[in-house]
């Protein structure tokens, strides 16, 4: 059984990289749910001897990704001549793993991974970008020149909890013979081409293209409660 987790279970990485033995320090409900799910599947291993393997990939992107995710959202907005929202200025950094490389890694771990083990799946070394850098890389595909790129970027309030970066050590899966083959420039080109050619694939996407609420009603309520000492 292959369980797909996330690099976010380790929490924010300010210095160095995380290997699979690093302590879980999830910084938001999403990553906490992923950490909890890992505990659940490991319970099946210990209780029923179910052969489970876990993968913790970097940010996966590519054709057919849901439109509310950052890269397809930016592409759809540019197709509509809308500006690109950069939360907190777009300084958060992510390592981007092309979907083909991710699928090949999943297949390898499923076939050759050791039951009970987890495997980080890291992007190519040159595929780490800030959100702003991703936005700037997309603009030329839509006819935006360097002289007026700033007109297409919109600085918005940062999210309630937005970790700066997640960096992982992929030596364990590389020892099985895997390495990413698609660099960010190539993957981004293939992704843009797919979305331009399949604009109707997702139907109505307008709701998904809105900038994320900086905190959301629930997050704001929780923050207010803590501030009040509740």
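Numbers at a glance
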{"quantity": "Cα point-scatterer Debye curve for the chain, base-10 log of I(q)/I(0) at q = 0.12 Å⁻¹", "calculated": "-0.74"}
{"quantity": "Likely footprinting exposure, 33, 21, 137, 5, fewest C-beta neighbours within 10 Å first", "calculated": "21, 33, 137, 5"}
{"quantity": "Order of 154, 15 under a 10 Å beta carbon neighbour criterion, fewest first", "calculated": "15, 154"}
{"quantity": "Label point 7 Å beyond Cα of residue 30 along Cβ direction - residues of the stretch 55-77 with amide nitrogen under 13 Å", "calculated": "58-61, 66-73"}
{"quantity": "Nearest 10 degrees, 0 to 90: helix 99-112 Cα axis against the chain principal axis", "calculated": "0 degrees"}
{"quantity": "For the stretch 183-205 and the stretch 79-101, distance of Cα centres in Å", "calculated": "13 Å"}
{"quantity": "Full-extension gain in nm, residue 39 to residue 154, via 0.36 nm per residue minus C-alpha separation", "calculated": "37.4 nm"}
{"quantity": "Degrees, to the nearest 10: 70-79 long Cα axis against longest axis of the chain", "calculated": "20 degrees"}
{"quantity": "Stretch gain in nm, segment residue 46-residue 21, where the contour uses 0.36 nm per residue and the Cα spacing is subtracted", "calculated": "7.2 nm"}
{"quantity": "Nearest-0.05 FRET efficiency for residue 147 and residue 107, computed from C-beta distance (R0 35 Å)", "calculated": "0.20"}
{"quantity": "Fewest-first ranking of 182, 9, using other Cβ atoms within 10 Å as the exposure measure", "calculated": "182, 9"}
{"quantity": "Choice from 169, 126, 19 showing the highest fluctuation, given a GNM over the chain with Cα pairs closer than 10 Å", "calculated": "126"}
{"quantity": "The chain - share of DSSP beta bridges that are antiparallel (%, nearest 5)", "calculated": "15 percent"}
{"quantity": "With Cα atoms, 0 to 90° folded angle of helix 184-197 axis to the chain main axis", "calculated": "60 degrees"}
{"quantity": "Residue-averaged [θ]222 nm for the chain, counting only DSSP H segments that reach four residues, each worth -39500 (n - 2.57)", "calculated": "-11000 deg cm²/dmol"}
{"quantity": "Taking the C-alpha atoms of the stretch 1-96, convex hull volume expressed per residue in Å³", "calculated": "122 Å³"}
{"quantity": "Top of 135, 204, 123 by mean-square fluctuation, Gaussian network on the chain, Cα under 10 Å", "calculated": "204"}
{"quantity": "Alpha carbon convex hull of the stretch 54-105, projected area averaged over orientations, nm²", "calculated": "4.5 nm²"}
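We did not get these values from a lab; they are worked out from the coordinates using the rules stated. Computed from a prediction, not measured in an experiment: that's the story for all the values here. Every residue, glycine among them, receives a Cβ derived from its backbone with ideal geometry; neighbour counts consider all protein chains shown.
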